[in-house]
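In what follows, a single structure is set out as structure tokens and then discussed.
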């Protein structure tokens, strides 16, 4: 194990190494192993934060905390990873599972608060107060988590249906059906929001002389 560790002492070597090469060094442990895994984190953190921000509908700063937790879980399971693992795909799967659990826990928390009559008001905000891309994000965040998840994997991460099915651990036909229903739900809610916005903009203030 000494030779792989020595090969990652140089920052240039770490930067040029493939994910698989860095994983080999990371498994070896020690200072070089930590350095190699740190290089993997730096390489993949930005897209993972973006993914989690969309999945959980949270600001990037909060998504960074979830991303760090996902990386920690991967680091703790380094010895169990197969040699041929696609690191990006593995991290993505770990992150989507983490996001699902976080979303489920949040839903349970809100349910308990509602049943206790302690739930705070949570207005989404009016569509006219946001640019169009913000309105799209609002509609996306309003979808049930399984629909939001598959839309993000398909249209943000640009995964194939086969990759999505593998990531979500469902059959290909189930992935196709979920994507179809997610798109339909998104279009329906977006059009409803747009119609509401248009109707509101055409209403004149009360008492105005015509």
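Throughout, read-outs are computed from the coordinates displayed, never taken from laboratory work. Bear in mind the structure is a predicted one, so any value in this text is a computation, not a measurement. So basically every Cβ, Gly included, is an ideal-geometry build from the backbone, and we count neighbours across all protein chains shown.
Which order do the peptides 172-179, 48-55 take when ranked by the mean count of other beta-carbon atoms within 10 Å per residue, highest first?
48-55, 172-179
Please order 58, 156, 91, 25 by the number of other Cβ within 10 Å, starting at the fewest.
Fewest to most other Cβ atoms nearby, the residues stand as 156, 58, 91, 25.
Sorted from fewest to most neighbouring beta carbons within 10 Å, what does the list 167, 141 look like?
Fewest-to-most Cβ neighbours within 10 Å comes out as 141, 167.
Take the Cβ-Cβ distance between residue 31 and residue 136 as r, set R0 to 30 Å, and report the resulting FRET efficiency rounded to the nearest 0.05.
0.10
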